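Report on one structure; see the data block that follows.
The values are calculated or read from the model by the stated rules, or taken from the named source; none is laboratory data. Please read all numbers here as calculations on a predicted model, not as lab measurements. Every residue, glycine as well, gets a Cβ built from its backbone with ideal geometry; the counts of neighbours run over all protein chains shown. The accessibility values were calculated without ligands, DNA or RNA, using every heavy atom of the protein model including side chains. Shrake-Rupley method; radii C 1.70, N 1.55, O 1.52, S 1.80 Å.
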Amino acid sequence: MSQYFSVFYLRNLRPAVILCLSLAALCFGDAAVALTRAELYQATAPMADRSEAAQTEAFQTAMKTVLVRVTGRRSAEDDPALSPLVGNARRYVQQYRAAPDGRVWVSFDGPAIERWLTQNGQPLWGRERPTTFVWLTAQTGPQSGTVITADDTSELKTAIDAAAVLRGVPLRWPTAAELQKDRLDYAGVNGAAPSTLADIGRRLGGEGILIGRAASTSATANVRWTHLFQDRSSEFSGALEGVNRTADLYAGLFAASGNLVPIDIVVKGNGDHREYANVQTYLESLTFISHVSVAALTGDTIRFRLATRGGAESLQRTLSLNGRLQPIAAGDNGILRFQLRR
């Protein structure tokens, strides 16, 4: 394991690691914005000097970062099955340039990496990533504290945002105006039931909800987390465990692997050709679907035939994620059915 990643996944972060995390956040911007497909395959890495050997090592370190993000597995950087990708990292580099503090920014050939992963039976987690709303309170005194907002610049939020970028998890933090509108302060958030915070978080755009209570605002703060997603609830502790365990869960649900299989789905509510075309374009944009065709068209109902990885259950979870296609009862033949939401 490289030095960078060894320290990154430790519970207690040293200042050098905080700097690395901060640089990652600066390179990718706001953690609330979902990464584009291209950004999933971009990373920064330290480069000791300008020699070819140092450059090769930097490319390999950056490749490890990308593989953790797009397989969804924290252990990906040490997985022998992925060593051919790491060893040949230079072959996949499309662009690179100098970054601050002796680092290099690298952009890899995403489609080529995706082909390699799917051809070799490895999981692939594409852009299908739930936005997670974060409620985090932090103590600032024996009887006082603060709610971490989108504009907060504390070490703790900086580290959390950067870890989210590295794992590819979009985060949504409350704004000060939203707290004021809902009349929420430190005591209100700290004492609220998880279900109450989940309702507000979903109203504000969260698909998953992460609730944390921190002992301080430092990057080494002890944080107790609760994560809520659909019908799942889990608890864990550690400054970055909230993000990492959230990413682990999402990857387990949305990363697809295995051979391509044909699956038919029915979509109702297509009012015109424009809506039909939009649905087809949406299906074609999903990472784990390689081909979309129309098997039947009757009135406002279209039967699509998909070539997809991950099976019917994984497909239904992903199609339901952004609410565009709402699941409805399956037909007598067991085909997945969805209602198009306008």
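Brief remarks on what is shown
- Counting only aspartates and glutamates at least 8 places from LYS268 when in the same chain, those with an alpha carbon closer than 14 Å to its own are ASP300.
- Prolate/oblate/rounded call for the chain, Cα gyration tensor, a/c under 1.5 rounded: oblate
- Accessible surface of the chain, 1.4 Å probe, proportion on carbon and sulfur as whole %: 48 percent
- Sequence-separation-based contact order of region 219-342, relative, with Cα cut under 8 Å and 6+ spacing, percent: 24 percent
- Candidates THR298, THR149, THR65: whichever shows maximal mean-square fluctuation once the chain is modelled as a Gaussian network with Cα springs under 10 Å: THR298
- Candidates per trypsin sites (Lys or Arg not before Pro) in region 86-190, loop by DSSP, up to 10 other Cβ within 10 Å: ARG183
- Surface listing: ASP272, ASP231, ASP79 arranged by accessible area from highest to lowest gives ASP231, ASP272, ASP79, probe 1.4 Å.
- For region 177-313, the convex hull drawn through the C-alpha positions has a volume of 162 cubic angstrom per residue.
- Cα shape, region 65-114, gyration tensor, a/c 1.5 rule: prolate
- Projected area averaged over orientations for region 102-179, convex hull of C-alpha atoms, nm²: 8.4 nm²
- All lysines inside 28 Å of LYS64 as judged from Cα atoms, apart from same-chain residues fewer than 8 positions distant: LYS157
- Accessible solvent surface per residue of the chain, calculated while the other protein chains remain in place, 1.4 angstrom probe, Å²: 46 Å²
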